[in-house]
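Worksheet: the structure to be examined is printed underneath.
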Amino acid sequence: MRKKLRKLRMERGISQTFLSKELGYRYPSGYGNIEAGRNKLGYDQAVIIAKIFGVDVSDLEEDQLFFEKNLHETCNKKLA
């Protein structure tokens, strides 16, 4: 997923600093750590990134089951 995030970001000319701010990080390295694989991308973050990139959330990941599982868990938490 990291390579895909970087590719989409670069194609759109979006900086890591901008994405870090949009995701609520205090420092530009917040998003950079996701792209570098030091931090995991959460589903809620993926939704924000997909909206910025203008793609569907499933387009961010080759393994669509990852997002389907997290969507299911997120919905269950909101309903509880």
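So if we plug the beta-carbon distance of S58 and N33 into 1/(1 + (r/R0)^6) with R0 = 25 Å, what FRET efficiency do we get, rounded to 0.05?
Values: r = 23 Å, r/R0 = 0.92.
Calculated value: 0.60.
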Exercise for the section: Kindly report, to the nearest 10 Å², the accessible surface of L23 as traced by a 1.4 Å probe over protein heavy atoms only. Expected result: 30
Handout entry: Vicinal HN-Hα couplings computed from phi for region 2-10 (Karplus, 6.51 cos²θ - 1.76 cosθ + 1.60; Hz; Gly/Pro x)
Key = 4, 5, 5, 4, 4, 4, 4, 5, 5
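Could you estimate the translational diffusion coefficient of region 1-62 from the Stokes-Einstein equation, with Rh from the Kirkwood formula over C-alpha pairs, at 37 °C and 0.692 mPa s, in whole µm²/s?
On the way: Rh = 11.3 Å.
Diffusion coefficient, whole number: 290 µm²/s.
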Problem - Charge context of S29, other residues only, Cβ under 13 angstrom, K/R +1, D/E -1 - result: +2
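The values are calculated or read from the model by the stated rules, or taken from the named source; none is laboratory data. For clarity, every value in this text was computed on a predicted model and none was experimentally measured. No Cβ is skipped: glycine too gets one built from the backbone with ideal geometry, and neighbour counts run over all protein chains shown. For accessibility, only protein heavy atoms count, side chains too; no ligands or nucleic acids. Shrake-Rupley method; radii C 1.70, N 1.55, O 1.52, S 1.80 Å.
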